[in-house]
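Comments concern the structure below.
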Amino acid sequence: MAKRKCKVCGVVFEKLRPLQFVCSPACGAEYAKAQRAKQAAKAKREAKAKERVKTLALRRKLETVPELTKKAQAAFNRYIRLRDAGKPCISCGAAWKDNFQACHYVPAGRSSKLRFDEDNVHGGCVRCNLYESGNLRGYRIGLIHRIGEKRVIEMETDYEVKRWGKEELRELAALYRKKARELERG
Ligand SMILES: [Zn+2]
Ligand SMILES: [Zn+2]
């Protein structure tokens with residue numbers, strides 16, 4: 001018969017039957033106890049993981065459209081700032097600065113659809129965005145320069161109302177986080 005080391009006390013013993021891991025009934029009891037403890041710990045871990053999934057699902061369910069819109073907008077704006085880094089202010093042509101903002105041409109409040117349209121949002125200086133109400137006259141000129149007059153007029157005359165669903169907003173946030181990461185990697 002083969003020799004083997006007792007899993008509990010480490011003594012080397014003659015194995016009498018297959019799947020014998022221990023040298024004696026006493027070590028057998030010890031071994032069984034350890035196995036039970038292991039099982040219990042595993043069950044506890046699994047229950048905890050399940051609970052975590054449930055909490056996450058609940059949190060997701062409770063997220064509101066305005067909250068998700070805010071998150072998607074933050075991800076989108078961040079991407080726009082990265083995309084336009086180094087470019088002058090869309091409205092006044094001022095040289096790029098770190099504090100440039102993602103400025104909407106057609107305001108988000110006027111068009112829910114264009115709120116997340118890359119053609120409609122460009123990097124601009126704080127003065128134009130906050131104090132000149134977007135400096136829309138200058139914005140229009142700069143925008144025509146970047147995307148062409150045809151597209152600008154299309155956006156100006158687009159009155160389609162878009163109701164973003166929760167899932168869509170989550171997807172938008174994920175998409176723009178990914179696009180931002182790609183730009184950061186260069
Ligand atoms: Zn033993
Ligand atoms: Zn400006």
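Taking the stretch 118-132 as the range and being within 16 Å of residue 149 (Cα to Cα) and of a type in the set (D, E, K, R) as the test, the residues that pass are 118, 119. Annotation: of all residues in the stretch 112-135 being surrounded by fewer than 16 Cβ atoms within 10 Å (Cβ to Cβ) and within 16 Å of ligand 2 (Cβ to nearest atom), the one that is nearest to residue 84 (Cα to Cα) is 126.
To keep it simple, each residue is scored yes or no on (1) in contact with a Cys (Cβ under 6 Å, 6 or more places away or on another chain); (2) in the same structural domain as residue 80 (by TED's automatic domain parsing); (3) in a loop (DSSP other than H, G, I, E, B); (4) under 25 Å from residue 66 (Cα atoms).
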{"position": "110", "(1), (2), (3), (4)": "no, yes, yes, yes"}
{"position": "129", "(1), (2), (3), (4)": "yes, yes, no, yes"}
{"position": "143", "(1), (2), (3), (4)": "no, yes, no, no"}
{"position": "151", "(1), (2), (3), (4)": "no, yes, no, no"}
{"position": "177", "(1), (2), (3), (4)": "no, yes, no, yes"}
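Considering the conditions (1) under 22 Å from the mean Cα position of the chain (by Cα); (2) surrounded by 13 or more Cβ atoms within 10 Å (Cβ to Cβ), residue 142 is excluded by exactly one of them, (1).
Determine whether the stretch 42-51 contains at least one residue that is free of Cβ contacts under 8 Å to residues at least 24 places away in the same chain, assigned by TED's automatic domain parsing to the domain that holds residue 141 and away from ligand 1 (no atom under 16 Å from the Cβ).
Step one: list which residues in the stretch 42-51 are free of Cβ contacts under 8 Å to residues at least 24 places away in the same chain, which gives 42-51.
Filter once more, so that each one left must be assigned by TED's automatic domain parsing to the domain that holds residue 141: none.
No, the conditions are met nowhere in the stretch 42-51.
The residue list 30, 67 contains one member that is acidic (Asp, Glu), within 16 Å of ligand 1 (Cβ to nearest atom), assigned to a helix (DSSP H, G or I) and open to solvent by 60 Å² or more (accessible area, probe 1.4 Å), which is 30.
Residue-by-condition table, conditions (1) within 16 Å of ligand 2 (Cβ to nearest atom); (2) surrounded by fewer than 14 Cβ atoms within 10 Å (Cβ to Cβ); (3) in a strand (DSSP E or B):
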residue	(1), (2), (3)
53	no, yes, no
59	no, yes, no
71	no, no, no
75	no, no, no
80	yes, no, no
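The values are calculated or read from the model by the stated rules, or taken from the named source; none is laboratory data. Since the model is a prediction, treat every value here as computed from it, not as a measurement. Note that we place each Cβ from the backbone using ideal geometry, even for glycine, and neighbour counts take in every protein chain shown. Please note that ligands, DNA and RNA were not included when accessible areas were found on the heavy atoms of the full protein model with its side chains. Shrake-Rupley method; radii C 1.70, N 1.55, O 1.52, S 1.80 Å.
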